[in-house]
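Below is one structure, written out as structure tokens; the observations come after it.
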Amino acid sequence: MTESAPLRFTFGREQRLKQARDFSRTRQEGRRLVCGCLIANWRVLPPEATARLGIITTKKLGNAVVRARARRLLREAFRRHQHDFNQPVDLVLVAQRGILEKGFATVERDFMTALRRAGLTKAV
RNA sequence: UUGGAAGGGUGGAGGAUCGCUUCCGGCGCAAGCCGGGGGAGGAAAGUCCGAACUCCGCAGGGCGCGAUGCCGCGUAACUUCCGCUCAUGGCGGGGGAUACACGCGGGAGGAGGGCUGGAAGGCCUUUCGACGGACAGUGCCACAGAAAAUUAGACCGCCAUCAGCUUCGGCCGGUGGUAAGGGUGAAAAGGUGGGGUAAGAGCCCACCGCUCCAAGAGUAAUCGCGGAGGCACGGAAAACCCCAUCGGGUGCAAGGCCAAAUAGGAAACCGAGGAGUUGCCCGCUUCGCGUCCCCGCUCAACGGGGCAGGUUUCGGGUAUUGGCUGCUUAGACAAAUGAUCCUCUCCGCCCGCAAGGGUGCAGACAAAAUUCGGCUUACAGCCCUUCCAAAAUC
RNA sequence: GCGCGUGUAGCUCAAUUGGAUAGAGUGACGGCCUCCGAAGCCGCAGGUUGUGGGUUCAACUCCCGCCACGCGCA
């Protein structure tokens, strides 16, 4: 991707955390923040790296349908705002029970609040 | 018409933008980009059954283990043929095979209700229905009760007789007969009525029930006109068990292929036997053995110990073992099928006489993980069928 | 995905071959004791035996279906 091309809001495989060690490293070495319906763990990467996202939905949250919905909402929030980061990070989001009855707008607001408080957003 | 219960069906439609996944075509050295197509369910769920498929095993026999148990019909993936389609393992149709998974129907049987009858019983209806065997054997039936399962059982009672007492009404005791009555119990060893008798008793008779034979009906389970027998056979096998039939184990984390790496630890056993074979035994198959080292003795045999080897168990390992395949016209492996918005209808609630307006995430349950069939459980709203209740009308 | 196992008082466990009031410890509550508390002693309550059916005269126990929880696998 060059600088002149228009911004694209994709979410390919290289943007996902897959290995268990990546999750563990991010949660142990990175920083942590609780905000509304989610818990954010992040670890700063070198500037040339691509940001990656991992989502944890535990069995405490509910059945498979509920967990899948929480996962998709959080992923969509990341996808929409992946270019608002001021530096690349590995980000692990843990869904909390509060997400179940919320719509996308509320989840998105919580996500942005968390990013601002973490100091990861670009100046708008 | 309204409400409730049970069963069955259905489980929104169209579009825009941004994404995910997979296949096909094109472009590109490549990363990738462009165009087109496919992308959750009736239960995908629980993992409760059965089957396909997989690998291991399979001369055979005995013991054991598990499942199933009335009758008839039917059904899958699978296989085969034909047609359609640019093409495919696709779609449509026909034939064949398997299921002691299951579905439908029928029949014994149990329970409730109604009718009839003096009663026993009979008939109708609703519902349940894991439904071989209780003379093959072993055991169980608590408490209560005199007696609880095989010559059943005399507590009260009834009857006879003997002795005693008597206020002549009877009373008490012994012996014997008696299962009609009382009482206990879930159950008391056919029932009701009559005869009979000292009192009673299928002791005898009628009806009912039961057992056996049996015309006839039905594919069959089974029903049974009619006849015979005084009656033999309590319950429970969802106690052990017996009989019949079926079942080898294993489960896609099965299994196969490729590449990389040296991490490959510990314990026990094996010395002529080990391993495999369904849990065990026989037997069988296969690999091996008649000595590699040390000690006890000079050697051998025998005994003890050990190296290599083999087997088993434990441990480590998902933060190094990884990838492909199995695998699919949905086909993942931190696990796709989404987000935002518009329009239309469905339905609920609120406002309104009405037209209409507002509001609610199309609003329930619940998301594939080798495939297929079934069972069970969950389910908003709407539609259909049956039943029940209430109101209104005839 | 596949295969196993367990549910009894608040907690930890019993209950014989099916037999009647489901028992024990601990905890809770009340009382005694003490100036007060602890310990001790006495008393009392607490159970749809996870749940729904079935078999049986009778079910914690036997059988079947659900629910919840836990364990194992390469």
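Couple of notes before you dig in:
- Projecting the Cα atoms of A:63, A:50, A:82 onto the dipole axis of chain A, where Lys and Arg carry +1 and Asp and Glu carry -1 at the beta carbon, places A:63 farthest toward the positive end.
- The stretch between residue A:44 and residue A:86 holds 14.1 nm of extra length on full extension. This uses 0.36 nm per residue minus the Cα-Cα distance.
- When the inverse distances between all different Cα atoms of chain A are averaged and flipped, the Kirkwood radius reads 14.9 angstrom.
- For chain A, the longest principal axis of the C-alpha atoms and the axis of helix A:64-80 are separated by about 20°.
- Each DSSP beta bridge with both residues in chain A is either parallel or antiparallel, and the antiparallel ones are about 70%.
- In summary, the lysines within cross-link reach of residue A:59, defined as a Cα separation below 23 angstrom excluding same-chain residues under 8 places away, comprise A:18, A:102.
- About the Cα centre, charge dipole magnitude for chain A (Lys/Arg +1, Asp/Glu -1 at Cβ), debye: 540 debye
- Axis of helix A:20-29 versus longest Cα principal axis of chain A: the two differ by about 80°, to the nearest ten degrees.
Bear in mind these aren't lab numbers, they're just calculated from the coordinates by the rules spelled out. Computed from a predicted structure; not experimentally measured. Backbone-built Cβ (ideal geometry, glycine too); neighbour counts: all protein chains shown.
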